[in-house]
Structures are given as C-alpha cells and as structure tokens.
Amino acid sequence: MIKKTIKYVDFNGIEREEDYYFNLTKAEIAEMELSVDGGLAEKVKKIVAAKDMPTLVKIFKDLVLRSYGVKSDDGRRFIKSEQLRNEFTQTEAYSELFMELSTNADAAVAFVNGIVPKDIESGKKELVINTNKK
C-alpha cells in the first residue's frame, strides 16, 4: 500500500493537501495478469515496443483507479468501489497525481512498487513505462 499526499487547488480556489491511498492485492494482480492473453506484463511490453501511447495511457489510468481506495477505520478492509473511483477522478488531486505519474518515470516506478504487495517482485516494474527514455 502506498499513501500519497497530494497538494492541489480545489474548484473553490482553496489550496488543499490530502492523503490518498492505493493498493493492489495478490488476487487483484493475478486477476489482471490472467485476464489478458499472455499476461498483462507481456501486453505492456508489446504496447511499449509499438509505441502505442494511447493504449498505454488507458492501462496506466486503469492501474491507478483499480488501486485507489479508502482504509476502514479499523484497518481490516481497503474499500474500493466504482463510486469512490468516480469521486476521486472528479478531483484536482487525481489530475495532479496523473500528471505527476505520466511525466515522471521515477514517480511512476515508486507508485507501482508501492501498490504491489512487497512479496511480489517479478514483473511489477514491467507495468511502468519510462517515457523519458528512447
């Protein structure tokens, strides 16, 4: 799990700094990997090789939104829902995070490393594309 503290200006012009949480479970990663022929990591490699940026952006957005959630007060659950994701995408915090991750390869790698369970090592960085390298 990763906690991102995001600074942004809301739609009333108020500067805010709030914490947001992102996490993927082993089951969610397995589902993502098994839902694509050849696996998601392989698909991403092919997309990168083809320089298909529109598809890559869709995958990265999906990764961010699949991992977004709210911790329960007792810490036993990490709550995710379509409503929570929609609410998050309607904030400037989402916009700030998306721009940071899409323009800063180091931040993107750190994000992916943070949302993937610590005991899953292989392939996690394969989901991140360094757009700064040619």
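May I ask you to verify whether ASP19 is touching a Ser or Thr at 6+ places or on another chain (Cβ under 6 Å), surrounded by fewer than 16 Cβ atoms within 10 Å (Cβ to Cβ) and over 19 Å from PRO117 (Cα atoms)? Yes. The residues of segment 94-112 that are more than 18 Å from GLU17 (Cα to Cα), of a type in the set (S, T, N, Q) and touching a Phe, Trp or Tyr at 6+ places or on another chain (Cβ under 9 Å) amount to a single one, SER102. Taking the criterion of being within 16 Å of the chain's Cα centre (by Cα) and without any contact (Cβ under 8 Å) to a residue 40 or more places away in the chain, the residues of segment 60-89 that qualify are LYS61, ASP62, LEU65, ILE79, LYS80, SER81, GLU82, LEU84, ARG85, ASN86, GLU87, THR89. Of the numbered criteria (1) farther than 25 Å from ASP10 by Cβ; (2) in contact with a Leu (Cβ under 7 Å, 6 or more places away or on another chain), the one SER67 fails is (1). Within segment 86-134, the set of residues being of a type in the set (Ser, Thr, Tyr) and at pLDDT 90 or above comprises THR89, THR91, TYR94, SER95. Of all residues in segment 1-53, exactly one satisfies the criterion of being among the β-branched types (Val, Ile, Thr), farther than 19 Å from ALA110 by Cα and touching an Asp or Glu at 6+ places or on another chain (Cβ under 7 Å), namely VAL9. Within segment 8-32, being in contact (Cβ under 8 Å) with a residue 24 or more places away in the chain and among the charged types (D, E, K, R) holds for ASP10, ARG16, GLU18, LYS26, GLU28. Look at ARG76 and say whether it is closer than 20 Å to GLU28 by Cα, loosely packed, with under 11 Cβ neighbours inside 10 Å and of a type in the set (Lys, Arg). Judged against the criteria, ARG76 is a match.
Taking the criterion of being surrounded by 14 or more Cβ atoms within 10 Å (Cβ to Cβ) and at negative phi, the residues of segment 26-51 that qualify are GLU28, ILE29, MET32, GLU33, LEU40, ALA41, GLU42, LYS43, VAL44, LYS45, ILE47, VAL48.
With respect to GLU82, determine if the residue is modelled with pLDDT of 85 or more, within 21 Å of LEU101 (Cβ to Cβ), loosely packed, with under 10 Cβ neighbours inside 10 Å and of a type outside the set (A, V, I, L, M). Criteria not met by GLU82.
If you scan segment 89-117, which residues turn out to be farther than 23 Å from LYS26 by Cα and hydrophobic (A, V, I, L, M, F, W, C)? Listed by number, the residues that qualify are ALA93, LEU97, PHE98, MET99, ALA105.
The values are calculated or read from the model by the stated rules, or taken from the named source; none is laboratory data. Source: prediction; values computed, not measured. A quick note on method: Cβ atoms are made from the backbone with ideal geometry, for glycine too, and the neighbour counts reach across all protein chains shown.
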